[in-house]
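Student: Okay, here's the structure, questions in a sec.
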Amino acid sequence: MRTFWLVLESFNGWAGLGWAMIGEIKISTKKSFGPICAYVAGEAKEAEVLATHGVRDTSAAHTAEDFDAQRALNPKLGRAVMHVALAWPPEEKAMSNALMRELTRAWMKGMKIDSENTQWSLTRHNNTKHPHGHLVINRVDNDGATISDQKNYDKSVEVCRKLEKQYGLVNAKEAGQDTLRAKREQLPARDAAVLHIKDSESRHKPHMASPEELLVAMKRDGINAQPTYQGGKLQAVVFEYQGHFVKGSELGRECSGNNLAKTIAAQRDGVLAQRAAVALVGQQSGQLGAELELIGQKVGALRQANEKAEREAQAAQAPKLADDKAVQLAPAPQQANEKAAQQAAPPEGKPEKSANPALDPRLRPGYKKASTIQKDGGFEM
């Protein structure tokens, strides 16, 4: 981000170079362009010609001759020499020549000066910590007509504001405040208090619909206010922060009580409309949130119902599963009968015993077991 200062210089040195844009135009009453061309081309300035139109850049004398020749087309114009100094802060020491040329042409266009229909020259000086260039313009254009100088100061300020936005340049006033903020701890107590009050006022004012709202908002930042009213309208205000009393006008003309009231009155309708729009969005968001919550509740209830039905189904199937398992574990009827028969049958090779001696000779007295007949080699033994 760059800070762009436009400084309009007198011929004998800077006429107000500072950390804020001043937009002051000085137009010489000299009869010739010679003095200004000599100054701009001075060796001590480490001058570097960046661009010219309609004049030679071979020497200061040649440049002046060309300017004066065209000036002769309108001899009645006594103030034909315009000298503009374009300056930037030391942080922009590395600014390219191309960017300086582009900003210069943009400034001329914004000032309604046709860079193709009049003579001009841009020379850069490299003898200072801050980069700056000198723009010399002939107010007698190529047709002999006069280039207007009406309201040059106001137009220059407006052009610079537009250039700051167009090129992403930091506003000079804001840059100065940023420098103060960076050194806040080193500031005297009252200066630090003034900066704190200014920050608060600048932050809250664009969102207020009445001066009273602004004072309430600043109070949250620890700033008290003593307003003065006349006819029900705010006329003056004194701010107090940490024991330091500061008039609104000390913060800037726009911060005086009367101007604060005018600014806020002018923006009131817009602020209220913006608040209504925000409230509507909030209301719609709240309704959407309620609808989403209701949907969530329904989804949760459905999930719980499904889980309950699943548990009940599992519980209903449990007895049947138990019966099926018992059936699987129980032996088949045929297997049970075979097992019972096996258990009832006597061991193989042993005669079945009977409890009745009349039916079983083995139970009779004197019963002898028959001799075992064995065969050995095919003979009975």
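The values are calculated or read from the model by the stated rules, or taken from the named source; none is laboratory data. Computed from a prediction, not measured in an experiment: that's the story for all the values here. So basically every Cβ, Gly included, is an ideal-geometry build from the backbone, and we count neighbours across all protein chains shown.
Student: Give the residue, chosen from S115, S121, S59, S96, that is surrounded by 20 or more Cβ atoms within 10 Å (Cβ to Cβ), closer than 22 Å to A41 by Cβ and not aromatic (F, W, Y).
Tutor: Details: S115 fails: surrounded by 20 or more Cβ atoms within 10 Å (Cβ to Cβ); S59 fails: surrounded by 20 or more Cβ atoms within 10 Å (Cβ to Cβ); S96 fails: surrounded by 20 or more Cβ atoms within 10 Å (Cβ to Cβ).
Step by step, each of S115, S121, S59, S96 is checked, and only S121 is surrounded by 20 or more Cβ atoms within 10 Å (Cβ to Cβ), closer than 22 Å to A41 by Cβ and not aromatic (F, W, Y).
Student: Name every residue in region 71-88 that is crowded, with 21+ Cβ neighbours inside 10 Å and part of a loop (DSSP other than H, G, I, E, B), in order of residue number.
Tutor: Residues satisfying the conditions are A80, W88.
Student: Touching a residue at least 60 places away in the same chain (Cβ under 8 Å) and farther than 18 Å from I147 by Cβ: which single residue out of L73, L99, L77, L50 fits that description?
Tutor: The conditions single out L50.
Student: Condition first: more than 23 Å from P188 (Cα to Cα) and part of a helix (DSSP H, G or I). Now tell me which residues in region 204-254 satisfy that.
Tutor: If the condition is that a residue be more than 23 Å from P188 (Cα to Cα) and part of a helix (DSSP H, G or I), then H204, K205, P206, H207, P211, E212, E213, L214, L215, V216, A217, E254 are the ones that fit.
Student: One residue is enough: does region 280-296 have a residue meeting the conditions closer than 20 Å to M208 by Cβ, at pLDDT below 80, surrounded by 10 or more Cβ atoms within 10 Å (Cβ to Cβ) and out of contact with any Ser or Thr (no Cβ under 8 Å at 6 or more places or on another chain)?
Tutor: Looking through region 280-296, at least one residue is closer than 20 Å to M208 by Cβ, at pLDDT below 80, surrounded by 10 or more Cβ atoms within 10 Å (Cβ to Cβ) and out of contact with any Ser or Thr (no Cβ under 8 Å at 6 or more places or on another chain).
Student: When region 26-54 is examined, which residues are found to be of a type in the set (A, V, I, L, M, F, W, C) and assigned to a loop (DSSP other than H, G, I, E, B)?
Tutor: Correct list: F33, A41.
Student: Take region 217-231 and flag every residue that is farther than 14 Å from I197 by Cβ and without any contact (Cβ under 8 Å) to a residue 24 or more places away in the chain.
Tutor: Hits for region 217-231 are Y229, Q230, G231.
Student: Please specify each residue of region 89-118 satisfying the condition of being part of a loop (DSSP other than H, G, I, E, B), hydrophobic (A, V, I, L, M, F, W, C) and touching a helix residue (DSSP H, G or I) at 6+ places or on another chain (Cβ under 8 Å).
Tutor: Listed by number, the list holds a single entry, M111.
Student: Can I ask one more? Inspect all residues belonging to region 119-140 and state whether any of them is assigned to a helix (DSSP H, G or I) and either touching a Cys at 6+ places or on another chain (Cβ under 8 Å) or in the same structural domain as I27 (by TED's automatic domain parsing) (or both).
Tutor: No.
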